[in-house]
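Quick note: the coordinates plus some simple rules give every number you see, no bench work behind them. This one's a predicted model, so the numbers in the text were calculated from it and none came from an experiment. Using ideal geometry, Cβ is built from the backbone for each residue, glycine included, and neighbour counts are taken over all protein chains shown.
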Amino acid sequence: MAPKIKQESPGPPPKRSKHNYADTCKVIVGSRKDEFVMHTAFATAKSSFFKSTISQDWKEGKEKTVRLPQHEAGTFHVFVHWIYSGSLDFSIVDNTGAHDPPSYLNCGRVWALAHYLGAPQLQNQVIDRIIHKVARGDTRNVALSSLKHIWQITPPGSTIRQLLTNCVASENRAYNGVGEAEELPEEILLEATRQHLYGASKNVPTMEHRCNYHEHDEGEPRCE
Ligand SMILES: [Zn+2]
């Protein structure tokens, strides 16, 4: 005899989210004031910055505009594409194919924007993309100009700084002479010195240890 299947009562329909897909906000980005329009439901679901900005400050009738003058429109375009598609497409800013490795500079820019907007999932995807780039044999010697720029837009001790520090310090090629090496960020010089003077092991970033550079809440399971 077949077992009796317990019939669940359908119950009340799920509560509707307070946001609907007709609500949009305008985002003005960069010094040229490029304008983007996003659905607030999408923006607030993936970004704690948009979640707090929209829920706290926006009243009925108030201008629904967010300004991000210090970020670049191209970088924000990558963010909007990720919000809607879940995929990280650097070809928007890199002038390369969607499957080519992105430049370190644009990785840094997108990570910094994701950090500012409170989108840790996007930060982690950028980290994974850098580690993939390293794993496929791309140089770990990040251009000095890119490092300087990334160091200007990211906080001290941040995961992307740790990752790039380990990329550069574990690469054997020296920069162009002493003058250029002296301009390297202090964290990188210290790590290179630690390896050189104390024989500390090189930390070549690998996918196996990618969670070392991820943003995870306490207790959250690590990536498989
Ligand atoms: Zn992880």
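Tabulated results
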| quantity | calculated |
| --- | --- |
| Links that overshoot a 22 Å alpha carbon limit, given the list K26/K148; K26/K51; K33/K64 | K26/K148 |
| Surrounding net charge for I127, when Lys and Arg each add one and Asp and Glu each subtract one, Cβ distance under 9 Å | 0 |
| Charge sum, other residues only, whose C-beta stays under 15 Å from V80's C-beta, Lys/Arg counted +1 and Asp/Glu -1 | -1 |
| Semi-axis lengths (Å, descending) of the ellipsoid that matches the C-alpha gyration tensor of the stretch 24-213 | 34, 16, 15 |
| 3J(HN,Hα) from dihedral phi, the stretch 158-171, Karplus parametrisation 6.51/-1.76/1.60, rounded to Hz, x for glycine, proline | 5, 5, 5, 5, 4, 5, 5, 4, 5, 4, 6, 5, 8, 8 |
